[in-house]
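The values are calculated or read from the model by the stated rules, or taken from the named source; none is laboratory data. Just so you know, these numbers come straight off a predicted model, no measurement behind them. Cβ sites come from the backbone with ideal geometry, for glycine too, and all protein chains shown count toward neighbours.
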Amino acid sequence: MATQSVKQSYTIPCSSVFRDAVLALATKRGVNAADLARSVMLIVPQGAIEDYEDPGDPPPGDRETIVLKSGPAEGRPWRRKPRLQLRLPPGHSIIAVRKALNMALHFDKGEVKMRVEKADILAAERKALEEAHALKKRQNDPPVELLQSREELERLRAIVDNLAFEPLDRGVTTFNEALHVMGFAPNARPDIKSIRAKYRVLAAIHHPDSNYGSHQRMTQLNAAMDLLRRHIA
């Protein structure tokens, strides 16, 4: 018998400012808040998320008013702490989800820099291999399960596309444009080891043969790699 993907509801207490920023970003990207959290959890090592800044619970006095829809007090206003309601696979802590959302906000603002180590690359390769084996196994399951797998794959592709760089209209022509495509901060001066490590990770995502591949992004990624390598040399 096919088993369905199980998700649970997470109530994430947070300030109203943080909640509104997350919802605005989700609307901007055409996804929901849970997709933002999952996007970060897919591409960022768990340890990096655990070490990231937690925006914390709402401060005293920060409350929202809702109207109760059921029970003896139906129709009455009720003041409560601001929150985000997400549906995610089980096993995540409230704080980890909140940190992932905070990282998504900082990604969007270009305020996050990541250094990719060899261990991260190997872990990503292992995870991709495990997912490939799992997908192959699911292809032998009943049609309903196969359809769910395909829908999930398309959903993950959309998430990665939302976080990926936008191809430049005129291609990669300057050093700062190459930094942008490779995911480095503006005016950064990465060494050749960091450039190569970042290229391996991004190439695995953007190669046209991958599930999330894009010929245009891969072409600009190669151009950025060549430009940075020549500049460093």
> Residues in the stretch 46-75 that are surrounded by 14 or more Cβ atoms within 10 Å (Cβ to Cβ), within 21 Å of Arg87 (Cα to Cα) and not aliphatic (A, V, I, L, M): how many?
Replying inline: 3
>> Please go through (1) in contact (Cβ under 8 Å) with a residue 12 or more places away in the chain; (2) under 27 Å from Glu166 (Cα atoms); (3) crowded, with 17+ Cβ neighbours inside 10 Å; (4) not acidic (Asp, Glu) for Leu84 and return the number of the only condition it doesn't satisfy.
In response: (2)
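Just for the stretch 3-45: of the residues that are of a type in the set (Lys, Arg) and surrounded by 16 or more Cβ atoms within 10 Å (Cβ to Cβ), which one is nearest to the chain's Cα centre (by Cα)?
Going through the stretch 3-45, the residues of a type in the set (Lys, Arg) turn out to be 7, 19, 28-29, 38.
Now drop any that are not surrounded by 16 or more Cβ atoms within 10 Å (Cβ to Cβ), which leaves 19, 29, 38.
Values: Arg19: 17, Arg29: 11, Arg38: 5 Å.
So the residue we want is Arg38.
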>> Suppose the filter is touching an Asp or Glu at 6+ places or on another chain (Cβ under 9 Å), touching a residue at least 12 places away in the same chain (Cβ under 8 Å) and not assigned by the TED database to the domain that holds Lys109; does Leu227 pass it?
In response: yes
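Conditions (1) within 18 Å of Thr11 (Cα to Cα); (2) in the same structural domain as Ile195 (by the TED database); (3) at pLDDT 90 or above, marked per residue:
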{"position": "Pro45", "(1), (2), (3)": "no, no, no"}
{"position": "Asp51", "(1), (2), (3)": "no, no, no"}
{"position": "Pro58", "(1), (2), (3)": "yes, no, yes"}
{"position": "Gly71", "(1), (2), (3)": "no, no, no"}
{"position": "Leu86", "(1), (2), (3)": "yes, no, yes"}
{"position": "Pro89", "(1), (2), (3)": "yes, no, no"}
{"position": "Arg98", "(1), (2), (3)": "yes, no, yes"}
{"position": "Glu111", "(1), (2), (3)": "no, no, no"}
{"position": "Met114", "(1), (2), (3)": "no, no, no"}
> Among (1) among the β-branched types (Val, Ile, Thr); (2) outside any helix (DSSP H, G or I); (3) farther than 13 Å from His231 by Cα, which single condition is Thr173 missing?
Replying inline: (3)
